[in-house]
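Pasting a structure here, questions to come.
Only the coordinates and a few stated rules stand behind these numbers; no lab work does. Given the structure is predicted, the values throughout are model-derived calculations rather than measurements. Because the Cβ atoms are built from the backbone with ideal geometry, glycine has one as well, and the counts that use them run over all protein chains shown.
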Amino acid sequence: MKAKIIVVLAMITILFGLYGLAGSLSMFAPQNIIKPKEENKIKVWQLKENVNARDEINRRLVSLVLLPESEANKLSFSEDVPINWNRGTIYRHDLKKGDYISMEDFITPEEDNYIEYVIAPNRVPFPLPIDSPDIIGGVIGNGSFVDVLALTKSDENRNSNRATKKTLSITPIFTSIKVLQVKRTVIPETRIEPAKEGIVLILELTRSQAVELIVAKEAAKIEVHKSIGNYSIEDLKANAGDVLDDFRAVTEYRANKVTIK
């Protein structure tokens with residue numbers, strides 16, 4: 001009888017031991033860990049300094065920031081924010097350090113009301129059509145400064161001795177004039193010339209300067225030089241005699257003879 005009791009107790013002990021072992025093994029069984037889904041990030045631009053209206057865009061004043069999509073949505077950004085870094089793009093209004101920006105905060109040279117933002121008080125925009133070869137000194141863009149020069153030719157006839165004097169000279173009209181906007185157009189082809197690119201420079205002038213340039217356009221051929229470096233206004237003056245020693249700027253024709261003066 002005792003032997004049976006001992007056997008039963010032993011079996012119960014073994015069963016409890018197996019149950020405990022099974023429980024401990026189940027604790028170390030591999031489990032599938034579900035990672036939370038990573039939130040999408042949106043690229044936005046943030047100012048590193050305060051800016052004023054009409055300031056030109058500058059990469060050094062902004063930083064690229066990755067915001068969680070939920071946070072970006074609260075700021076009205078639903079996708080990556082593109083920025084136009086073209087020269088002449090300016091801020092529409094004052095902004096503070098830390099503000100997030102988009103193209104709605106800028107106005108570009110291609111927009112119709114661009115000139116209203118960039119022109120200085122008491123100035124007028126003056127459109128000046130220019131052929132590409134007449135632009136000297138490098139590429140001229142929005143915000144560049146230029147010198148406007150007049151190339152003149154004149155003939156002086158003397159009926160008494162049938163002589164003609166011809167002079168050729170170039171004279172500065174204005175220096176360091178701001179280019180508000182550069183517009184490019186296509187001039188249609190004609191029977192004589194093929195189609196070509198035309199350029200219109202919108203200059204920032206005073207009213208008196210605008211009147212002077214209207215007169216100069218009728219009296220001379222207008223050329224534009226990009227203002228680069230420091231130089232005297234005398235450096236922009238020349239005549240044919242400065243270039244051709246044999247010409248001396250004045251040529252007198254008498255019948256079939258030519259006299260240089």
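Which far-off residues, 5 or more places away or on another chain, put their amide H under 5 Å from the one on ASN50, with H placed in the peptide plane?
LYS97
Please list the non-local residues whose amide H lies under 5 Å from the amide H of SER227, H modeled 1.01 Å from N, same-chain partners needing a gap of 5 or more.
The list, which skips near neighbours in sequence, is PHE145, VAL146, ASP147.
Simple spin-label model, 7 Å along Cα-to-Cβ: ILE192 to LYS226 in nm?
3.1
Tell me, what HN-Hα J-couplings in whole Hz come from the Karplus equation 6.51 cos²θ - 1.76 cosθ + 1.60 at θ = phi - 60° for each residue of segment 61-70, using x for Gly and Pro?
Rounded to whole hertz, the list is 9, 10, 10, 8, 10, 9, 10, x, 4, 5.
Right, another one. Run the numbers for GLU104 and ASN58: contour at 0.36 nm per residue of separation, minus the present Cα-Cα distance, in nm.
Details: separation 46, 0.36 × 46 = 16.56 nm, distance 1.59 nm.
Full-extension gain reported as 15.0 nm.
What are the ³J(HN,Hα) couplings of segment 198-205, residue after residue, when phi is run through the Karplus curve with 6.51, -1.76, 1.60 and θ = phi - 60°? Round to Hz, x for glycine and proline.
x, 10, 10, 9, 8, 9, 9, 10
A further question follows. Mind listing the long-range amide H neighbours of ASN142? Cut-off is under 5 Å, sequence gap 5 or more, other chains count too, H placed in the peptide plane at 1.01 Å from N.
VAL182
With a 10 Å radius around each residue's Cβ, average the other Cβ atoms per peptide and rank 88-101, 167-180, highest first.
Highest to lowest by the protection proxy: 167-180, 88-101.
Could I ask something else about it? When the scattering of segment 41-107 is computed by the Debye formula from its Cα atoms alone, each counted once and equally, what is log10 I(q)/I(0) at q = 0.16, 0.20 Å⁻¹?
The Debye formula, applied to the Cα set alone, gives -0.50, -0.77.
Just to verify a number: FRET efficiency for LEU151 and SER208, C-beta to C-beta distance, R0 = 22 Å, to 0.05?
Values: r = 22 Å, r/R0 = 1.01.
Approximately 0.50, to the nearest 0.05.
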